[in-house]
Amino acid sequence: MFTLVINDAVTADAASSSAEPERVGRMIPSLYLVVMVMVLMTSADLATPTVKRNVLLIFGDDAGFQMGAYNNTDILTPNWDALAARSVVFRHGFTSVSSCSPSRSVLLTGQPQHQNGQYGLAQVPHHFSSFDDVQSLPVILSQNGVRTGIVGKKHVKPDSVYKFEFDASDEVYDLQQIGRNITFMKEKVQAFLSANDSRPFFLYVAFHDPHRNPDLAGTFGQFMERWGDGQTGHGLIPDWTPVQYDPEKVKVPYFLPDTNVTRQELANMYTTYSRMDQGIGLFMKELESAGYLNNTLVLYTSDNGIPYPNAKTNLYESGMGEPMMISNPFQQQHWGEYTDALASTMDFTPTILDWFGVNASTIKAKLSGKSLLPLTEEPDNITNYQTVFSSHNFHEVTMYYPMRVIRTPRYRLIHNINHRAPFGLATDLYQAPTFQQILNDTQEGHPSGWFKSLNSYYYRDQYELFDLQNDPEELQNVADDPSYQQVLQELSTQLLTWQKATSDTWRCMPSAILEGMTCDAAYNGE
């Protein structure tokens, strides 16, 4: 009988501080000054509160737009939708890299993976790791009087760079327990929030749902959707009420074949979304019970596209696009509004530093992103939010397929640096029934029902330029179209400028070799 552990003691206690809140050193005798201070206090705008500010960052694992807040009415997500109702919701949120560890590294440093060094997955046998001198968000915040904690999946290296004071991560607990058992996670969140510490806090809660189960044929299902459901041999997560979905009623994204196999997979994945959704409800309730709901900035997004072909590990819209919402407790007049600003996970570190009033100059490397806080004050003022970038080198160590991307409101330009090689396949995606069906149908000469051919998926042009206004499914590469040459030139220049600004070692490839600060021709036919 499999038993879920839900009452383990916290082994990484939150740090405590004996520092008292700042107090007035002496009485001011002047009645006039006292009155003036009272007037200023009562007329202060909520946008500049004197109360302590905190941050709760919630992060999904391979999670996409399968929620009511993004018009998917076939799935029950009341807690996500409630969070959206108290947030500014981004229609155009993007990941900085469509892979687990690299994406987390960008989220926590504000630097692209080619700059911070987390080129691929952190675990054995891939063993990628950020540079030792990188300063991450939790370390910077700790140095600036903010208490830091993580509950859930960490999956970045080294520990010295990504150091949290309170560590309830997969480096301390079993990944399934700390990433999917919402009761277990709730207890760790509760422990962090109840600590006797007067400092403001940054709490990072990272789910492992809805990531695929490596053992697809195992007891607990393709997405661990039966794990903890109370059935015989499955264990029990007390706070989770499993929700089952009819495959005939799920919403199939445009980039997947509409088959019985795909629909069943999506239905199974929906069940784990419901587990995440109920977990978010638990954590928000803990935040409220601890008295922090009205002074905590709450952010939600995910690491990469859903775990299906054309999404995860890809930088098309289906792999780069992410749900994104920010709840600013001091801008309630804009709750429930949507913004057309282009935003990236690269923007989260600048946003959180801005919230805490930490000067970005404390970071050794220049941040690539920008603060999103102004959008919680003016969601329609998107002038400075018209461009995002993405950068990908590896997923697994065998999947070398470096890409650099610029996305504007109308266009996406992808530079496939290793374009002569076939696109690599992540192990969990390759094993998935949906992709296996595409492979089998292609091999047998049957129509797969997929929106592109397997050959076009594997072999890509060096430059892929898509006009999203006329081609939202990105099926027509217009990089060679004469009428788009000016667009191609402008976007290529912007992309290269960004690569130079972020010290991208790949910026000369594939036609040249970087020597110092210059690109020396390789004469390799590129």
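In percent, what relative contact order does the chain have, based on Cα pairs under 8 Å that are 6 or more apart in sequence?
The normalised contact order for the chain reaches 20 percent.
Which of TYR457, GLN264, CYS508 sits farthest toward the positive end of the charge dipole of the chain, with +1 on the Cβ of Lys and Arg and -1 on the Cβ of Asp and Glu?
Ranked along the dipole, the leading option is CYS508.
Please report, in debye to the nearest 20, how large the charge dipole of the stretch 193-341 is about its Cα centre when each Lys and Arg carries +1 at its beta carbon and each Asp and Glu carries -1 there.
The dipole of the stretch 193-341 has a size of about 140 debye.
Note the angle between two axes, namely the Cα long axis of helix 31-43 and the longest principal axis of the Cα atoms of the chain, as a number of degrees from 0 to 90, rounded to the nearest 10.
The angle comes out near 30 degrees.
Classify the stretch 317-468 as rounded, prolate or oblate, taking a ≥ b ≥ c as the square roots of the eigenvalues of its Cα gyration tensor: rounded when a/c is under 1.5, otherwise prolate if a/b is larger than b/c and oblate if not.
Here the stretch 317-468 falls in the prolate category.
Quick one: Cα convex hull volume of the stretch 88-233, Å³ per residue?
Convex hull volume per residue, Cα atoms: 150 Å³.
Kindly provide the Kirkwood hydrodynamic radius of the stretch 54-385 in Å, to one decimal, from all pairs of distinct alpha carbon atoms.
19.8 Å
So how far, in whole Å, is the C-alpha centre of the stretch 335-373 from the one of the stretch 75-144?
So the separation of the two Cα centres works out to 12 Å.
List the cysteines in the chain whose Cβ has no other cysteine Cβ under 4.7 Å from it.
Here CYS100 come out as lacking a disulfide-compatible partner, given the Cβ-Cβ threshold of under 4.7 Å.
Using helices alone, I'd like the mean residue ellipticity at 222 nm for the chain: each DSSP H run of four-plus residues gives -39500 (n - 2.57), total over residue count, nearest 500.
The helix-only estimate for the chain comes to -8000 deg cm²/dmol at 222 nm.
What net charge do the residues around TYR162 carry, taking every other residue with its C-beta under 9 Å from that of TYR162, with Lys and Arg at +1 and Asp and Glu at -1?
+3
Could you tell me what fraction of 2.2 N^0.38 Å the Cα radius of gyration of the stretch 288-333 comes to, as a two-decimal ratio?
Its radius of gyration relative to the 2.2 N^0.38 Å reference: 1.64.
Whose amide H sits under 5 Å from the amide H of TYR119, counting only residues 5 or more places off or on another chain, with H placed in the peptide plane?
SER129
What residue among GLY279, CYS100, VAL139 has its Cα farthest toward the positive end of the dipole of the chain, where the charges are +1 on Lys, Arg and -1 on Asp, Glu, each on the Cβ?
VAL139
Just list whichever of LYS153/LYS312; LYS52/LYS157; LYS157/LYS452 have alpha carbons separated by over 28 Å in the model shown.
Among LYS153/LYS312; LYS52/LYS157; LYS157/LYS452, the Cα-Cα distance tops 28 Å for LYS52/LYS157; LYS157/LYS452.
Rounded, prolate or oblate: which fits the stretch 237-381, taking a ≥ b ≥ c as square roots of the Cα gyration tensor eigenvalues, rounded meaning a/c under 1.5, else prolate when a/b beats b/c?
oblate
As I understand it, the value is the acute angle between the Cα axis of helix 260-289 and the longest principal axis of the Cα atoms of the chain; what does it come to in degrees, rounded to 10?
Compared with the principal axis, the helix lies near 10 degrees.
Once you have the Kirkwood Rh of the stretch 79-125 from its Cα pairs, apply Stokes-Einstein at 10 °C and 1.306 mPa s and quote D in µm²/s.
Value of D from the Cα-based Kirkwood radius: 128 µm²/s.
Note down the magnitude of the dipole of the chain about its Cα centre, charges +1 on Lys and Arg C-beta and -1 on Asp and Glu C-beta and zero elsewhere, to the nearest 20 debye.
Rounded to the nearest 20 debye, it is 1040 debye.
Counting only C-alpha contacts under 8 Å and six or more residues apart, can you give the relative contact order of the stretch 297-401 as a whole percent?
Value for the stretch 297-401: 24 percent.
Rule-based calculations on the coordinates, nothing more; no lab input. Worth saying up front: this structure is predicted, and the values here are computed from it rather than measured. Neighbour counts are summed over all protein chains in view; Cβ atoms, including those assigned to glycine, are modelled from backbone coordinates with ideal geometry.
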